[in-house]
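Structure, as structure tokens:
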Amino acid sequence: MDKGKYFRRIPKVDILLEEAKTEGLLTKYDRNLVVAGIRQVTDELRSFLGGCEDEQAAAGRLDTVMEQLKERLEEQDRCRVQRVINGTGTILHTNLGRAPIGERHAEYLGHVVTGYSNLEYDLDTGRRGERYSHFEDLVCQITGGEAAVAVNNNAAAVLLILSALVKGKEAIVSRGELVEIGGKFRIPEVMEQSGGILREVGTTNKTRLEDYRAAMGENTGAILKVHTSNYRITGFTESVGIEELAGLGVEFGVPVIEDLGSGVMVDLSAYGLSHEPMVQESIRRGADIVCFSGDKLLGGPQAGIITGKKEYIDKMKRHPLMRAMRIDKFTVTVLEQIFREYRTPSRLEQNLPVFAMLSQSGKRLKEKAARLAGSLHIPEKDAVIQLESCDSQVGGGALPGEVIESCGVTVRGKTIACEELEEKLRKGKPPVICRVEKDRIWLDMRTIQDEEIPQVAERLNKIFGDMHI
């Protein structure tokens, strides 16, 4: 292969720029972006030709330079954060943004943030207000706490609590609760960062009330209980409930803090899941401070919500870290809307997508699966399409090991590898994220919304249809 012949065919930048102008690219994109795109495409072309021994492939690459440029510019112009279709069956998928919010809440958010708002302005008095006041009363009404505040996530909430209440003092924690919750966020390291002193008690599998009592002393600043929401220790185990710890805290005059993580506000046994500790239960049983996530089983935006005794919350509000961790107008607006929903728990399934997904019946899921399968027009020689029972999960570090019976559509390609089909779905518009098991892709209908079914069908039909062009 005479590579020199092909290298000489690489168009010059000015020629491609003129062609780009004719194609209308200079109208659509800034000239500097087009020039940079041309240089990237031609550099890649030189690299490709340098290692190519196939004359047909080389000629084909040269003949499609302008198409390559258009694709490059379109890719660079596309927003990196996109809406995706979640076909994995994991409701609180950490990599896919955890809890989605409802259309009504998104619409109201758009209404507020596209103009000015009373984020820190009291409309009644005409004076400066507090951003947390928009949802603080709601949180207290629902949980029974005396006051509430929120920061940008639950890790920040734990750090703020410990920094404000335990700095220079000991916080007593069971060894079985020294968790890592993801992203290398470890309770001992957060404790060190806060200036608190970690005092471990008990063992990994057994901690008793007397272990806590024996550790109490003049330098005790708090008792910390961490709900192990992302793993389970079973078998020969023993732990101390929040009610007993609260009594110990009262006896020694120190606050009892509970990190509940998932932020459960309703009894999950109604959805066929194990009962998880609820925020209002913790407050009712005597916890002085409770913190939890906003974007897990609460069903809202990323946030770390803290509620409990006013004297402790006020210390946090005055702490220097509070401003560094404060939430913005987007989060404040959505949080208020989410907490308003909890005033009428019977409507959660209609208004919060997390509970809508949890509450779908087997019959409903089968209907959705049949609708998707019936919309696929893929020849039998190209793929095997089946409706299959499968298992969904809550995800997001909540209810580990528990599965929810579900129904999905599986596709096993005969003319395309499973991995290639998954990649094409993932890289399409819109991206469809699925599971790959047993040489098939699995599309769990629990996390695919009704309005997304035609989009999934269109993507699959196009992928297999393009194979015959």
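The values are calculated or read from the model by the stated rules, or taken from the named source; none is laboratory data. Please read all numbers here as calculations on a predicted model, not as lab measurements. All Cβ positions, even for glycine, are placed from backbone atoms using ideal geometry, and neighbour counts span all protein chains on display.
Applying the selection to the stretch 396-419, what residues are of a type in the set (G, A, S) and either touching a helix residue (DSSP H, G or I) at 6+ places or on another chain (Cβ under 8 Å) or surrounded by fewer than 17 Cβ atoms within 10 Å (Cβ to Cβ) (or both)?
Taking the stretch 396-419 first, the residues of a type in the set (G, A, S) are 396-398, 401, 406, 408, 413, 417.
Answer for the stretch 396-419, where residues must be of a type in the set (G, A, S) and either touching a helix residue (DSSP H, G or I) at 6+ places or on another chain (Cβ under 8 Å) or surrounded by fewer than 17 Cβ atoms within 10 Å (Cβ to Cβ) (or both): G396, G397, G401, S406, G408, G413, A417.
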Of the residues in the stretch 404-463, those that are acidic (D, E), closer than 19 Å to L358 by Cα and part of a strand (DSSP E or B) come to E405, D444
Within the stretch 404-428, the count of residues that are free of Cβ contacts under 8 Å to residues at least 24 places away in the same chain and not aliphatic (A, V, I, L, M) comes to 7
Report the residue count in the stretch 43-71 for those that are free of Cβ contacts under 8 Å to residues at least 40 places away in the same chain and closer than 30 Å to P454 by Cβ.
2
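Within the stretch 279-289, is there a residue that is of a type outside the set (D, E, K, R) and farther than 28 Å from G195 by Cβ?
First, the residues of the stretch 279-289 that are of a type outside the set (D, E, K, R): 279-280, 282-283, 286-287, 289.
Next, from what is left, pick out any that are farther than 28 Å from G195 by Cβ: 280.
Checked against the condition, which is being of a type outside the set (D, E, K, R) and farther than 28 Å from G195 by Cβ, the stretch 279-289 yields at least one hit.
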Out of (1) touching a Leu at 6+ places or on another chain (Cβ under 6 Å); (2) part of a strand (DSSP E or B), the odd one out for A148 is which?
(1)
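May I ask you to list the residues in the stretch 279-308 that are among the basic types (K, R) and either under 11 Å from V149 (Cα atoms) or surrounded by 24 or more Cβ atoms within 10 Å (Cβ to Cβ) (or both)? Let's see the steps before the verdict.
At the first step, the residues of the stretch 279-308 found to be among the basic types (K, R) are 284-285, 296.
Once the filter is applied, which keeps residues that are among the basic types (K, R) and either under 11 Å from V149 (Cα atoms) or surrounded by 24 or more Cβ atoms within 10 Å (Cβ to Cβ) (or both), the stretch 279-308 yields only K296.
Give the stretch 189-217 a look and list any residue that's without any contact (Cβ under 8 Å) to a residue 24 or more places away in the chain and either in contact with a helix residue (DSSP H, G or I) (Cβ under 9 Å, 6 or more places away or on another chain) or over 16 Å from L159 (Cα atoms) (or both), or say none. Reasoning before the result, please.
Of the residues in the stretch 189-217, the ones without any contact (Cβ under 8 Å) to a residue 24 or more places away in the chain are 189, 192, 210, 214.
Within the stretch 189-217, E210, A214 meet the criteria.
When you go through R104, R98, R80 one by one, which is the residue that is surrounded by 18 or more Cβ atoms within 10 Å (Cβ to Cβ) and under 30 Å from V394 (Cα atoms)?
On the way: R104 fails: surrounded by 18 or more Cβ atoms within 10 Å (Cβ to Cβ); R80 fails: surrounded by 18 or more Cβ atoms within 10 Å (Cβ to Cβ).
Exactly one residue qualifies, and that residue is R98.
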Extreme residue, nearest to Q76 (Cα to Cα), among residues of the stretch 11-50 that are part of a loop (DSSP other than H, G, I, E, B) and out of contact with any helix residue (DSSP H, G or I) (no Cβ under 7 Å at 6 or more places or on another chain)
D30
Somewhere in the stretch 427-434, is a residue touching a Cys at 6+ places or on another chain (Cβ under 9 Å) and either surrounded by 20 or more Cβ atoms within 10 Å (Cβ to Cβ) or more than 28 Å from R98 (Cβ to Cβ) (or both)?
no
With the checklist (1) part of a loop (DSSP other than H, G, I, E, B); (2) of a type in the set (F, W, Y); (3) touching a residue at least 60 places away in the same chain (Cβ under 8 Å) in hand, flag the one item F135 doesn't pass.
(1)
Tell me which residues, restricted to the stretch 43-73, are out of contact with any Phe, Trp or Tyr (no Cβ under 7 Å at 6 or more places or on another chain) and small (G, A, S).
S47, G50, G51, A57, A59, G60
For E422, only one of the following conditions fails: (1) surrounded by fewer than 17 Cβ atoms within 10 Å (Cβ to Cβ); (2) in contact with a strand residue (DSSP E or B) (Cβ under 6 Å, 6 or more places away or on another chain). What is its number?
(1)
Please state which one of E75, E53 is in a helix (DSSP H, G or I), acidic (D, E), modelled with pLDDT under 95 and surrounded by fewer than 16 Cβ atoms within 10 Å (Cβ to Cβ).
E75
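Of all residues in the stretch 107-117, count the ones that are loosely packed, with under 13 Cβ neighbours inside 10 Å and not β-branched (V, I, T).
First, the residues of the stretch 107-117 that are loosely packed, with under 13 Cβ neighbours inside 10 Å: 107, 110-111, 114-116.
Narrowing further to those that are not β-branched (V, I, T): 107, 110-111, 115-116.
So the answer is 5.
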Among the candidates G37, G24, single out the residue that is more than 30 Å from L372 (Cα to Cα), surrounded by fewer than 11 Cβ atoms within 10 Å (Cβ to Cβ), free of Cβ contacts under 8 Å to residues at least 60 places away in the same chain and of a type in the set (G, A, S).
G24
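Please work out if R128 is charged (D, E, K, R) and under 30 Å from I289 (Cα atoms).
Working: charged (D, E, K, R): yes; under 30 Å from I289 (Cα atoms): yes.
Yes.
Restricting the search to the stretch 373-403, which residues are assigned to a strand (DSSP E or B) and touching a residue at least 24 places away in the same chain (Cβ under 8 Å)? Steps first, answer last, please.
Filtering the stretch 373-403 for residues assigned to a strand (DSSP E or B) gives 383-395, 398.
Of everything in the stretch 373-403, those that are assigned to a strand (DSSP E or B) and touching a residue at least 24 places away in the same chain (Cβ under 8 Å) turn out to be A383, V384, I385, Q386, E388, C390, D391, S392, Q393, V394, G395, A398.
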Let me spell it out: the conditions are (1) surrounded by fewer than 22 Cβ atoms within 10 Å (Cβ to Cβ); (2) polar (S, T, N, Q); (3) closer than 27 Å to S262 by Cα, and T447 meets all of them except one. Which number is the exception?
(1)
Which of (1) free of Cβ contacts under 8 Å to residues at least 60 places away in the same chain; (2) over 29 Å from L248 (Cα atoms); (3) under 21 Å from the mean Cα position of the chain (by Cα) is the odd one out, the single condition R186 does not satisfy?
(2)
